[in-house]
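Below is one structure, written out as structure tokens, with a few remarks after it.
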Amino acid sequence: MKTTPSSCKADSLLTKEQMTDRIITAKVQKQLTWTAIAEQIGVDEVWLTSACLGMNSMKPELAEKLCTVLELPNEVQVALAMFPYKQWAFDVPQDPLIYRLYEVVGVYGETLKEIIHEKFGDGIMSAIDFSMTVGKEENPAGDRVIITMNGKFLPYKSW
């Protein structure tokens, strides 16, 4: 059962999907970018977008700021503060951009694993103690996408 933070009150609870629909509708109506919204509330654009898409929870004060910027009701603020149930489809997505990211992991995943293990030892990169940025490099041959992932290394323990 999903719970509402005790400090938040609402007449009805939205699902994360309903919350996301309302946020995106308001964003489009106000003609705002994720970058512009993130700057207004003082957070990173990648983290903000992830929270608005339902994959992270937001502290109540940030949820309140977001709802003020987008002129959204309290029920959206409550949904933003709820802890997410992180799940996604295991089928390969059909969206070309997301599919290409799956392709990158498919082609380079084992290479990354080998190099990370050589440099750090046996362990994983955290997706909890983690940040990510998306940049743009202008290039005469075609603009380039720069994705930087920064995760804490977590060694496997022996016992």
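Take every Cα pair under 8 Å in the chain that's 6+ residues apart, average their separations, divide by the length, and report that relative contact order as a whole percent. Show your work: numbers first, answer last.
Working: 168 pairs, mean separation 32.8, N = 159.
The normalised contact order for the chain reaches 21 percent.
Run lengths n ≥ 4 of DSSP H only: what is the helix-derived mean residue ellipticity at 222 nm for the chain, with -39500 (n - 2.57) per run over all residues, to the nearest 500? Write down the numbers at each step before the final one.
Working: 6 runs with 74 residues, N = 159.
That calculation yields -14500 deg cm²/dmol at 222 nm.
Can you give the charge dipole size of the chain about its Cα centre, rounded to the nearest 20 debye, using +1 on the beta carbon of Lys and Arg and -1 on the beta carbon of Asp and Glu? Each step should come with its number before you reach the end.
Numbers: 16 positive and 21 negative charges, 78 e Å.
It works out to roughly 380 debye.
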Quiz item: Quick one: length gained pulling Ile124 to Ile147 fully straight, 0.36 nm per residue minus the C-alpha distance?
Solution: 6.4 nm
Quiz item: Hey, which of these cross-link pairs are over 31 Å Cα-Cα: Lys16/Lys119; Lys86/Lys136; Lys27/Lys59?
Solution: Lys16/Lys119
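Any read-out appearing in this document is the output of simple, stated calculations on the displayed coordinates, not a laboratory observation. Keep in mind that what you see is a predicted model, and the values were worked out from it rather than measured. Counting neighbours? That spans all protein chains shown, and the Cβs are built from the backbone with ideal geometry, glycine included.
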